[in-house]
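These notes concern the structure reproduced below.
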Amino acid sequence: MFYVYLIQSETFPDRRYVGFTTDLKKRISAHNAGISIHTSKYRPWKLISYHAFSEKRRAREFEYYLKTGSGKTFANRRFW
């Protein structure tokens with residue numbers, strides 16, 4: 001499975017991140033361990049939502065969409 005996930009900083013609630021992975025538990029642990037340079041300053045992170053896809057292409061397309069202007073609006077209404 002391929003996952004698109006949304007996480008939010010517990011310390012800085014206005015900090016949000018959308019990502020892609022094949023191992024959700026490991027990836028969330030990596031964010032909270034400070035391994036990702038993009039998210040290390042705002043840890044700890046909590047998982048808000050994840051979406052599973054059987055096709056990598058579809059997952060990547062959804063991740064990309066959530067990072068666009070209209071995708072951010074959609075996510076703000078539906079997930080955050």
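Read the figures in this text as sums done on the coordinates, not as results from a lab. Being a predicted model, the structure only gives us computed values, none of them experimental. A quick note on method: Cβ atoms are made from the backbone with ideal geometry, for glycine too, and the neighbour counts reach across all protein chains shown.
Taking packing as the residue-averaged number of other Cβ atoms within 10 angstrom, the listed peptides 4-11, 23-30, 69-76 run from highest to lowest as 4-11, 23-30, 69-76. Net charge of the neighbourhood of W45, taken over other residues with C-beta under 9 Å away and scored Lys/Arg +1, Asp/Glu -1, is +2. Proximity of backbone amide H atoms, modeled 1.01 Å from N, is registered between I48 and L6, I7, Q8 at under 5 Å, excluding neighbours fewer than 5 places apart on the same chain. Placing unit charges on the Cβ atoms only, positive for Lys and Arg and negative for Asp and Glu, gives the chain a dipole magnitude near 40 debye about its Cα centre. By other beta-carbon atoms within 10 Å, ranking H31, H51 with the fewest at the front produces H51, H31. Shown in residue order for segment 70-80 are the 3J(HN,Hα) couplings computed by the Karplus curve 6.51 cos²θ - 1.76 cosθ + 1.60 at θ = phi - 60°: 5, x, 5, 4, 4, 5, 4, 6, 9, 10, 7 Hz (x for Gly and Pro). Charge tally for T11 (other residues, Cβ to Cβ under 14 Å; Lys, Arg +1; Asp, Glu -1): +3. Between T73 and L47, full extension at 0.36 nm per residue minus the direct alpha carbon distance yields a gain of 7.5 nm.
Under a no-solvent Debye model with one identical scatterer per Cα of the chain, what's log10 I(q)/I(0) at q = 0.13 Å⁻¹? Debye curve over Cα of the chain, log10 I(q)/I(0) at q = 0.13 Å⁻¹: -0.37.
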